[in-house]
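Enquirer: One structure, pasted below without further comment.
The values are calculated or read from the model by the stated rules, or taken from the named source; none is laboratory data. Treat the numbers as computed from the prediction; the structure is a model and nothing was measured. Cβ coordinates were reconstructed from backbone atoms using ideal geometry, including for glycine residues, and neighbour counts include every protein chain displayed.
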Amino acid sequence: MPNPAVLFDVDGTLVDTTYLHTLAWWRALKDSGHEVAMSEAHRLVGMGSSELLTELLGSDHPDVSEAHSRHYQRMKGEITPLPGARQLIAEVSRRGATVVLATSAKEHDVEDLLRALDRAPVDHVIDSSDVRSAKPAGDIFAAALEAAGCEPGSALVVGDTVWDVVAAGRAGVGTVAVLTGGNCRAELLEAGALGVYRDAAHLLSELDRSPIGRLLDGARVGGV
């Protein structure tokens, strides 16, 4: 029987990049003559680039996406892990879960994210190059399940946005959410999150009582 899996979103969940992406999108949009408030861009961070631009501008604009990438590249030196992120991954791995990072990031950005996490014990990484449709489609988490060799009922997602919760639900997986992406507790619960925690450190401190703790305990009992 395969191990249970915990599928981690990365931006805003494990690394503190949500507002870097917000600023990069705002600058890219401004460069292209689109006056969009940062708050409008922020609430869509976590979607794929095409989906975000279609929501904001009514259609995809590859030139704006490329400009976003340029602006984001200049801020990569400011990428930092969120409190407790590496420790949470390590503990979930220690308890026997297969750990998969499931990120909408581009393939060339993944190395920087992994470096920020100080090479946490990760079994698989799925990025935007591995799927056809980005969040809020469920493809990224479906691919993560396939990599883990795990059924949806034996997995949970850890994410920070409504789009994570929606995408996970479309893949048949429940979500435990954190507040470090800037979405509020009510939004995340309304989207269907099973629990909401301040950050990865808070989730780690409550792990035994969390949906993740129950999933891993259940797997151990079932394996006895």
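Enquirer: Do you know which of the residues in the range 103-124 that are among the aliphatic types (A, V, I, L, M) and assigned to a loop (DSSP other than H, G, I, E, B) is nearest to the chain's Cα centre (by Cα)? Steps first, answer last, please.
Expert: We begin by selecting, within the range 103-124, every residue among the aliphatic types (A, V, I, L, M); these are 105, 110, 113-114, 116-117, 120, 122.
Cutting the leftovers down to assigned to a loop (DSSP other than H, G, I, E, B) gives us 105, 117, 120, 122.
Details: ALA105: 9, LEU117: 14, ALA120: 16, VAL122: 14 Å.
Checking each candidate, the answer is ALA105.
Enquirer: When you look at SER210, is it out of contact with any helix residue (DSSP H, G or I) (no Cβ under 9 Å at 6 or more places or on another chain) and either closer than 21 Å to LEU82 by Cα or crowded, with 21+ Cβ neighbours inside 10 Å (or both), yes or no?
Expert: Working: out of contact with any helix residue (DSSP H, G or I) (no Cβ under 9 Å at 6 or more places or on another chain): no; either closer than 21 Å to LEU82 by Cα or crowded, with 21+ Cβ neighbours inside 10 Å (or both): yes.
It is false that SER210 is out of contact with any helix residue (DSSP H, G or I) (no Cβ under 9 Å at 6 or more places or on another chain) and either closer than 21 Å to LEU82 by Cα or crowded, with 21+ Cβ neighbours inside 10 Å (or both).
Enquirer: Additional query: Test each condition in (1) in contact with a strand residue (DSSP E or B) (Cβ under 6 Å, 6 or more places away or on another chain); (2) more than 30 Å from GLU40 (Cβ to Cβ); (3) not in a strand (DSSP E or B) for VAL100 and report the one that comes out false.
Expert: Looking at each condition in turn, VAL100 falls short on (3).
Enquirer: If you take the residues in the range 95-111 that are surrounded by fewer than 17 Cβ atoms within 10 Å (Cβ to Cβ) and touching a residue at least 24 places away in the same chain (Cβ under 8 Å), which one is nearest to VAL10 (Cα to Cα)? Break it down stepwise before answering.
Expert: If we filter the range 95-111 for residues that are surrounded by fewer than 17 Cβ atoms within 10 Å (Cβ to Cβ), which is where we start, we get 96, 106-108, 111.
Now drop any that are not touching a residue at least 24 places away in the same chain (Cβ under 8 Å), which leaves 96, 106.
On the way: GLY96: 20, LYS106: 12 Å.
Among those residues, the one meeting the criterion is LYS106.
Enquirer: Of SER50, SER65, which residue is in contact with a Pro (Cβ under 9 Å, 6 or more places away or on another chain) and either assigned to a loop (DSSP other than H, G, I, E, B) or not assigned by TED's automatic domain parsing to the domain that holds ALA134 (or both)?
Expert: Details: SER65 fails: in contact with a Pro (Cβ under 9 Å, 6 or more places away or on another chain).
Just one listed residue meets the conditions, SER50.
Enquirer: Against the condition part of a helix (DSSP H, G or I), hydroxyl-bearing (Ser, Thr, Tyr), out of contact with any strand residue (DSSP E or B) (no Cβ under 6 Å at 6 or more places or on another chain) and assigned by TED's automatic domain parsing to the domain that holds THR161, how does SER93 come out, does it pass?
Expert: On the way: part of a helix (DSSP H, G or I): yes; hydroxyl-bearing (Ser, Thr, Tyr): yes; out of contact with any strand residue (DSSP E or B) (no Cβ under 6 Å at 6 or more places or on another chain): no; assigned by TED's automatic domain parsing to the domain that holds THR161: yes.
Taking the combined requirement at face value, the residue does not satisfy it.
Enquirer: Scanning the range 1-25 for residues that are in a loop (DSSP other than H, G, I, E, B) and at pLDDT 95 or above, which turns out surrounded by the most Cβ atoms within 10 Å (Cβ to Cβ)?
Expert: Just the residues of the range 1-25 that are in a loop (DSSP other than H, G, I, E, B), to begin with: 1-4, 9-10, 12-14, 16-17.
Remaining after also requiring at pLDDT 95 or above: 4, 9-10, 12-14, 16-17.
Values: PRO4: 26, ASP9: 29, VAL10: 25, GLY12: 25, THR13: 31, LEU14: 28, ASP16: 20, THR17: 27.
So, considering only residues that are in a loop (DSSP other than H, G, I, E, B) and at pLDDT 95 or above, the one surrounded by the most Cβ atoms within 10 Å (Cβ to Cβ) is THR13.
Enquirer: What is the one condition in (1) part of a helix (DSSP H, G or I); (2) hydrophobic (A, V, I, L, M, F, W, C); (3) free of Cβ contacts under 8 Å to residues at least 24 places away in the same chain that LEU29 does not satisfy?
Expert: Condition (3) is where LEU29 drops out.
Enquirer: Related question: Evaluate the range 166-179: report whether one residue or more is modelled with pLDDT under 95 and not small (Gly, Ala, Ser).
Expert: no
Enquirer: Oh, and also: Identify, by number, the condition in (1) in a loop (DSSP other than H, G, I, E, B); (2) at pLDDT below 95 that CYS150 doesn't meet.
Expert: Status for CYS150: all satisfied but (2).
Enquirer: Name the one entry in LEU82, LEU114 that is of a type in the set (A, V, I, L, M) and either farther than 23 Å from ALA142 by Cβ or touching a His at 6+ places or on another chain (Cβ under 8 Å) (or both). Spell out how you get there, then give the answer.
Expert: Details: LEU114 fails: either farther than 23 Å from ALA142 by Cβ or touching a His at 6+ places or on another chain (Cβ under 8 Å) (or both).
Every option except LEU82 fails the conditions.
Enquirer: Further, regarding this structure: Look through LEU188, LEU194 and report the one residue that is under 20 Å from CYS150 (Cβ atoms), more than 13 Å from the chain's Cα centre (by Cα), buried (at least 17 other Cβ atoms within 10 Å of the Cβ) and of a type outside the set (Phe, Trp, Tyr). Reasoning before the result, please.
Expert: Working: LEU188 fails: under 20 Å from CYS150 (Cβ atoms).
Going through LEU188, LEU194 in turn, just one is under 20 Å from CYS150 (Cβ atoms), more than 13 Å from the chain's Cα centre (by Cα), buried (at least 17 other Cβ atoms within 10 Å of the Cβ) and of a type outside the set (Phe, Trp, Tyr): LEU194.
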